[in-house]
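Please treat every number below as a calculation from the coordinates, not as lab data. Everything numeric here is computed off the predicted structure, so don't read it as measured data. Neighbour counts are summed over all protein chains in view; Cβ atoms, including those assigned to glycine, are modelled from backbone coordinates with ideal geometry.
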C-alpha cells in the first residue's frame, strides 16, 4: 500500500533537538494519518450542506407552491412547468453536468475520473434539485445529497493535493456522508455506498466511510432533530401466518419494480437522443404533466412525498387511493427523471413502496382480517420491498427499514418480502437500474451486482500437484538436477529446515554439477537463494499474480503445516484457470 | 485517459516537467521532488487552519439559516393550527382535519397538535386514522389521560372490551393537565356507562364504589352515582348515596326520587313513600307517581304494620284474601280453567279450595284472635299472587302490592 513518498525519505536528517524534532514528526504525518481526520471534516461539511439543501428545497416549495400540504390547483398546474423551463436553461447553459440522480455520477468519479467531481457540479446539483423538488417535480433529495457529499469531498481532496489513490477513495466517503444526513440513517448509507458505489468491503475505506457518515448524521441531528424520517405508529409483532401476506407484497413489489425500470429505460433513450432544442422543453413538459396529475386530484405525487407516506402509515387512505397513488407516482417519477430534471429516485421509490404496501395491506385486511396486521407495517415493508426490487440493493433495503422505523419486530417480513421482490426483479429485468442508466449515458461502469455474483477464483482452483520437482533438501545436487529434468518444471522446490521454501533453477544446479560440486546437498545449494513467497489454497488467485512474475513457480502450502506442500502454481496454470472460468460463464 | 484538471497523469513522457516549478520529473514517479515538501506544508496548513475555519464559517451560516427556517415553520404551524381550531369550533371537521394535518407537519413533535388532529379525526369518523395518531401519542406518553380516553372511546366503538377497559383505566389514573379530578371523574362515568351497555354490572359496580369514595361534596354527583348504583342493582349503596345527596341538598328531586326508589327496592316501603311523596311534590313525574301509588297500596295493605290493632289486621288479611281470590278467578277465566269442575291436580284449583276454606274461616269473628290462621291466609294470598304472576303475567295494582308484601315478609329475618 501507500508508503511515505520517496522525496520525504530523501530529506536530509535533522538534528534531534526539541522544537525541530516536533516539526520533523509533524512533517511525517502523511495521507494515511490525515485521512481519518479528513473523513470527519467531510462528514461535518456534507452534513451542513445537506441541512442547507433541505432548507433550500423546502423554502423553494413555500415560495412556489405555498405552505399548504395540498397546494392550490392553479399553482400545481403552472409552477412545475415554468420551473422546468428554468431548470432546462440552467442545465444547458450553466450546469451541464448536473443531470441525473447523482449515484452514477459519483460512481463515474470513482471509476473513471479519479475521484474528480467539480465544485460547479455540486453547486448546480444543489440549485437544480432544490428548484426541481421545490417546484413539485416527482423526485427526491437523497441521491443528490449523495453527490453533493461526494463533490465536497472531491473539492477538499483537490485543495489538499491528495494522491490519486486517496482522491478515488474520497468520493464514496463523501457520498456516504451526504446520504447518511439525507436519510438520517448512517448504517443504511454506509451499506449503500459499499454495496452500490464501492462494491467491496475493505477495512481502510470502511473506516473512513463510517466516520464521515456518523459525523454527518451528528451534524444533521444537531440542526434538524433526531426524530426519525417517519412517525410510525406502534407495530404489533407479526404472526407467522402473516408472512404469507408479506410474501404477496413481495410479489407485487417485484412486479412494480420491473414495470418502473422498464418504463424509465423505454422512455429515457429516445428523449436523450432527441434534438438539442427539445431539451429546453423536456423539463417544462415534464413539469406540466406532473402538474396535471396534481391538478386532477393527486397532488400527493408531487415532490418527495414524505408527508403523504407518513399519512399512509396512519391509515389515511383506502386501498384504491393507495394503489392509484403508487401507480401515478411511478408515472410522474418516470416523466420527471427521463426529461433530464436533476433529482433522486430514493424518495419516490419509498413513496411507491409505502403506497403499494398500504394497498396490499388494506386489501388483505378487507378479505382476510385475521391475517393482516397494521397498515403501517405493510407500508414500511413495502418501502423496503420497492427499494430491493428497484434499486437492487438488498442489504441496504433491509437495514434502511429497520433504521427509519426503529422497530426490529418486522425484520422477518422485511427480509422475506425484499428477497421475493429482488428475485422477481432479477428474473424479469436482468440489468439493474443504475447499470442501465450508465450504459444509456455511454459510461461503462462496473456492475456491482454482477461483481457480487461473480465466483471468486482461488489458488486451489488453479494449483496442481508438483511433478517430482520437490525435495526436502537432503538429496545431492546431481539427484536434484535429474529430478528437475524428469519433471519438466521450471524450478526445483526445496524445503530448507528453518529457512522455508527455496527455488533452485536448472542453471544453478547445472553450474554446481559442472564445478564438480554435485555432491553438495540441495539445502546447502539453496542457502544463498531468496525464500519463495508461499501461497495458501484459499488465497484469491489475484494474490498469486502479484508474485508470479518474479518466480516461474510458486509453492502452495498448508496453513497449519507450512512444510506440507499442497501443490504448485505457474503463470500458465493461473491463465488457464481464468480462461476456463470465462468459458463457463459464457456458457 | 487522463482526468480533467488532474495534475497526476497516468503516463509521463521522458522529458516531463513539473507544471509548478518546472523541475524535471523522472518517470515512473509522478511527484516532483522539489514540490513535494511545499505541497506537504500547504496541505498541513490547509488542514490545520483552513479546514477548521471553513467548517466554522459554514457551521455559523447554517445556524442562522436553520434559525430562520425554524421560525418560518413555527409561524406556519401556528397559522394552520389556528385555522384548524376555528374549523373545529365551527363544526367543520373535514376542513379542520386538512388544516390540522398541515399544522402537524410544521409543528413536528408538538403533541397538542397531534392530539387535536386525532380529536378531529375521531369527530369526523375517521377512526382508524385517529387511532393511528393516538397510538403514536400513547407510545410517547402512556399516562396521558386525554390520549387514553380517546383511545378508550375508539376501542369501545370497535366493541373491544378489554382494550377499552385498559385505556379507560389509563384515563382514570392518568395525568391531566387541567382539572384532573373533573376529567378523571368524567372518564370513570364514561367507563361505567360503557360497562352497563355491555351488561357487565359487577365490574360497573366496582367502578362506582371507587367513584363514590372520591366524590366531592356535590349533591348532583352523589345523586348521579346513586342512580347508576340502582342500575347495577346495588340498592343499599345506592340508598346511601342518595342520602348523602339529601344531606347536601334535602330538596333535590333527583335525590328524593332516587332514595325512594332505592328504599322501595329494599322493601322499605314506609321510608320509600316518604321520599317519593316529597319527590312528587318537588317535581311531578309519571314514574314517581306510579311508584307512589304502589307504595301507598302496599302501606295500606300491609297487615304487618306495627300500628295496627287486631281488628284492623284481620280486616287487612280479609282484604288480601279478596284480592287474591279475584286474581285467581280472573287468571282461571283467562286460561279457561273452571275452578269448580277442573281436575283435582290443577294448581289453581288447589289454591281455590284452600282459599274457599280460609275465606270461610276469615268470616268468623274469632278470626281476629287467630294470628296463625291469619298468617296462613296471608301466605296463601301471596302464593296465589306468585302462581298467577307466573301463569297469567305480572300483576298490577293491589295484586302487585300483595305480591311485594309477601316477598318482603318471606325475606324478613324470622
> Angle between the Cα long axis of helix B:161-173 and the longest principal axis of chain B, 0 to 90 degrees, nearest 10?
Replying inline: 80
>> Taking 30 Å as R0, compute the FRET efficiency from the Cβ-Cβ separation of residue A:239 and residue B:127 and round it to 0.05.
In response: 0.85
> If one computes the Cα centroid of segment A:521-541 and of segment B:384-400, what distance in Å separates the two points?
Replying inline: 117
>> Taking R0 as 35 Å, what FRET efficiency do you get between residue A:37 and residue A:408 from their Cβ-Cβ distance, rounded to the nearest 0.05?
In response: 0.55
> Using the scaling law 2.2 N^0.38 Å as the reference, what is the normalised Cα Rg of segment A:208-256?
Replying inline: 1.83
> Which distance in nm do the two modelled labels at residue B:169 and residue A:576 give, with both placed 7 Å along the Cα-to-Cβ direction?
Replying inline: 7.9
> What is the list of residues in segment A:90-115 whose amide nitrogen lies under 18 Å from a point 7 angstrom out from the Cα of residue A:272, following Cα to Cβ?
Replying inline: A:91-92, A:96-113
> Spin-label point model (7 Å from Cα, Cβ direction): what's the residue A:474 to residue A:519 distance in nm?
Replying inline: 1.8
> Rounded to the nearest 0.05, what FRET efficiency is calculated for residue B:375 and residue B:308 with R0 set to 22 Å and r the Cβ-Cβ distance?
Replying inline: 0.95
>> Testing the spin-label approximation: label points 7 Å from Cα along Cα→Cβ at residue A:251 and residue B:389. State their distance in nm.
In response: 6.6
> What angle do you read, to the nearest 10 degrees and between 0 and 90, between the alpha-carbon axis of helix A:346-367 and the longest principal axis of chain A?
Replying inline: 70
> For segment A:159-297, what is the per residue volume of the convex hull drawn over the alpha-carbon atoms, in cubic angstrom?
Replying inline: 255
>> Under 17 Å from a point placed 7 Å out from the Cα of residue B:206 along the Cα-to-Cβ direction: which residues of segment B:150-186 have their backbone N that close?
In response: B:161-173
> How would you rank A:90-101, A:118-129, A:294-305, B:155-166, highest first, on the average number of other Cβ atoms within 10 Å across their residues?
Replying inline: A:294-305, A:118-129, A:90-101, B:155-166
> When all C-alpha to C-alpha distances in the protein assembly as shown are sorted into bins of 10 Å, what percent of pairs does each bin hold, rounded to whole numbers?
Replying inline: 2, 9, 13, 14, 12, 10, 9, 8, 6, 5, 4, 3, 2, 1, 1, 0, 0
> Considering the zone a paramagnetic label at residue A:507 would reach in this model (a point 7 Å from Cα along the Cα-to-Cβ line), which residues of segment A:534-575 have amide N under 14 Å from it?
Replying inline: A:551-552
> For segment B:288-414, what ratio Rg/Rh do Cα atoms give with a Kirkwood hydrodynamic radius?
Replying inline: 0.97
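Which value, in Å³ per residue, describes the convex hull spanned by the Cα atoms of chain B?
Measuring per residue, one finds 307 Å³ for the Cα hull of chain B.
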>> Using only DSSP helix segments of four residues or longer, with each worth -39500 (n - 2.57), what per-residue ellipticity at 222 nm results for chain A after dividing by its residue count and rounding to 500?
In response: -20000 deg cm²/dmol
>> Helix-only mean residue ellipticity at 222 nm, chain B, DSSP H runs n ≥ 4 weighted -39,500 (n - 2.57), per residue, nearest 500. What is it?
In response: -24000 deg cm²/dmol
> Gain in length, residue B:17 to residue B:336, computed as 0.36 nm per residue apart minus the alpha-carbon separation, to one decimal in nm?
Replying inline: 101.5 nm
>> Nearest 10 degrees is fine. How inclined is helix B:127-140 to the longest principal axis of chain B, computing both from alpha carbons?
In response: 70
>> Students often check this: by mean Cβ neighbours within 10 Å, which of B:266-273, A:274-281 ranks highest, and how do the rest follow?
In response: B:266-273, A:274-281
> So for chain A, what are the equivalent ellipsoid semi-axes in whole Å, largest first, each being the square root of 5 times an eigenvalue of the Cα gyration tensor?
Replying inline: 56, 29, 22
